[in-house]
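Beneath this line is the structure, given in structure tokens, with notes to follow.
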């Protein structure tokens, strides 16, 4: 038996051809564009046959009679028993022009070609989209009853099926698969489509929330999902039966699922929070279309909607189909498959395979260079306070990754030591002495950076001063607040605002501000330090909003306690879990790679939530720790004394081991 297949390189087509070639003596001729000739060897290897059984026919779906050469038409005339037409645009996001060209004009060209070669039977693989947004149950013998086919995808699927019905002039059969997903046995899929659009949202929920936490899902209409292996097996089986001419068959899941159920099934497969509470999307139907249209005419609304949809990887039209109103009767197809062992599997049984394959092969994040070298290699990075502690550890990472790494600090000897350390490791720093608490020196330093390096691509505002002293011990030390604010806030802003014009001109740049977990927890004894960092956080939020459309991004790191020279005077920290400078540098590297708005520890976020939800309880808890852990001997001015901790304080330290703050 000789077959002809269009769309043989597609997801369904490749598998159908392989299935057809399993039949004894089967020969498949398949349409291929001339520029894709190099794919032939790979296709034959996938099908497991040689040149005699898989024969390419070069042409173009958009050309009259597929643009196949006359001598090729002559050779095929009367030889093809079954002609399968699968080539089409299966993409909601595709533009209308391309869908019309391929789905409508392409089908007409294919029908003309099938007639020209006197094919025995024309099998048209359509879609349930041919029914449009039909209200109710759409039977297999229905076609003209289709409703609401305004969307290009629905319209072109309906029109292409109409062409087959009216113009084929040879025996024809139509197959309407539901939304086709990956193989139920392997999960294999070739692109993100259908329910896969929501996988990124589910993945983010899993990253943010524990799996036992109940989540709110979106309820809607019923959507029908079928795995590709079922579609191929059903197509092959039905196509070779008698009495199918002039009929349509729905290759659908007889059950069907509501949108909310589908999201919940995939959430379970991803080990994400289950969607146990649903909001019916139909509730949005009370909003008049004129109001919705008016809102979408407002530029800010369109921008926000587009940004959200883009961030979640959802196509613009996806929400149109949340309340999908159509259910599909498939009794004819089921009758033809009876006794064959071919049946649509339950989505719950193979959803995990689809998820696993997507996360391993299709997740868009897999194709993004997540290495530090890929992010900062060849770029200019400035690390303030880079001669020691967190800054020095971060500078080593940037230089090792191939960045032009600039460090600054007040102590020339420390800068020289840092440069020597870098040179010993096989790379180098560019070091400049600068006092960022001095506004005039900030201006001089910024001017030097612009002249020598043309500005910077990444700015790490790490230089800072910390003071741990109770307010009641600071009544006569107002200068503590002034000098802390001078460096941590004003110095940071002076450098940042000096370098921003260059970033704006290049329309790229990233600023990382090292803040503190204390801003989230309102840590006692750190009022001077936390206030300066809180001011920086607030400025950063404002700046991020202003520069959002200019390619400039900002990350705030609410850094937990890090073992650096800055905390050395506070001896009680010797028994408190702290991060190593290298671990803090990893957080800075992640800030540059992923560019999140904020990086914070779970303890910090928990503290922020407590202060927001039960502020009095949070205050009592913080006050208890305030009374439990006294000022350091350095803060009291008695450098020789050892801190005396109560038994409760020692016990709390033991309980908090491994919790970094």
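Cut-off 14 Å, label point 7 angstrom out along Cα-to-Cβ of residue 167: give me the residues of region 100-144 whose amide nitrogen falls inside.
Counting backbone N atoms under 14 Å from the label point, the list is 100-116.
If you rank 208, 235, 487, 415 by fewest surrounding Cβ atoms within 10 Å, what's the result?
On the way: 208 11, 235 25, 487 19, 415 22.
Least crowded to most crowded, the residues run 208, 487, 415, 235.
Given 0.36 nm per residue, what is the gain on full extension from residue 190 to residue 52 after removing their alpha carbon distance, in nm?
Values: separation 138, 0.36 × 138 = 49.68 nm, distance 2.75 nm.
Using 0.36 nm per residue and subtracting the Cα-Cα distance, I get 46.9 nm.
What nm value, rounded to one decimal, do you get for the distance between residue 508 and residue 583 when each label is placed 7 Å out toward the C-beta?
Calculated label separation equals 3.4 nm.
Ranked highest first by average number of other Cβ atoms within 10 Å, how do 135-142, 603-610 line up? Before the final figure, lay out each step's value.
Numbers: 135-142: 14.2, 603-610: 17.9.
My ranking of the peptides, most packed first, is 603-610, 135-142.
What is the order of 253, 193, fewest Cβ neighbours within 10 Å to most?
Working: 253 23, 193 19.
Placing the least packed residue first, the sequence is 193, 253.
If I take every Cα pair under 8 Å that is 6 or more residues apart in region 1-177, average their sequence separation and divide by the length, what percent do I get for the relative contact order?
Working: 325 pairs, mean separation 37.0, N = 177.
Dividing the mean separation by the residue count of region 1-177 yields 21 percent.
What FRET efficiency would be calculated for the residue pair residue 594, residue 255, taking the C-beta separation as r and a Förster radius of 35 Å, to the nearest 0.05? If you can, show how the numbers build up before the last one.
Numbers: r = 40 Å, r/R0 = 1.14.
Efficiency at R0 = 35 Å is approximately 0.30.
Within 10 Å, count the other beta carbons around each residue, average over each peptide in 343-349, 112-118, 174-180, 613-619, and list them highest first.
Values: 343-349: 16.0, 112-118: 19.3, 174-180: 23.0, 613-619: 12.1.
Highest to lowest by the protection proxy: 174-180, 112-118, 343-349, 613-619.
Given an 8 Å cut-off on Cα distances and at least 6 residues of separation, report the relative contact order of region 340-413 as a percent. Mind dumping the intermediate values first?
Values: 65 pairs, mean separation 19.7, N = 74.
Computed value for region 340-413: 27 percent relative contact order.
Test of understanding: ordering 47, 358 by Cβ neighbours within 10 Å, fewest first, what list do you get?
On the way: 47 21, 358 24.
With the fewest neighbours first, 47, 358 line up as 47, 358.
What distance in nm separates the simple spin-label points at residue 335 and residue 62, each placed 7 Å from Cα in the Cβ direction?
In this crude spin-label approximation the distance works out to 4.2 nm.
Scaled to the compact-protein estimate 2.2 N^0.38 Å, what is the alpha-carbon radius of gyration of region 145-232, rounded to two decimal places?
Numbers: Rg = 18.3 Å, N = 88, 2.2 N^0.38 = 12.1 Å.
Relative to the rule-of-thumb radius for its length, region 145-232 sits at 1.51.
What is the extension gain from residue 207 to residue 71, computed as 0.36 nm multiplied by their sequence separation minus the C-alpha to C-alpha distance, in nm to one decimal? The partial results should precede the final answer.
Working: separation 136, 0.36 × 136 = 48.96 nm, distance 5.94 nm.
The residue 207-residue 71 span can extend by a further 43.0 nm.
Compare the peptides 552-560, 369-377 by average per-residue count of other Cβ atoms within 10 angstrom and give them in order, highest first. Write down the numbers at each step before the final one.
Numbers: 552-560: 23.1, 369-377: 15.6.
Sorting 552-560, 369-377 by mean packing, highest first, produces 552-560, 369-377.
Starting from the Cα of residue 112, step 7 Å along the direction of its Cβ; do the same at residue 482; then give the gap between the two resulting points in nm.
About 8.8 nm separates the two model spin labels.
Every number in this text was worked out from the coordinates using simple rules, so none of it is lab data. Everything numeric in this text was worked out from a predicted model, so none of it was measured. Every residue, glycine among them, receives a Cβ derived from its backbone with ideal geometry; neighbour counts consider all protein chains shown.
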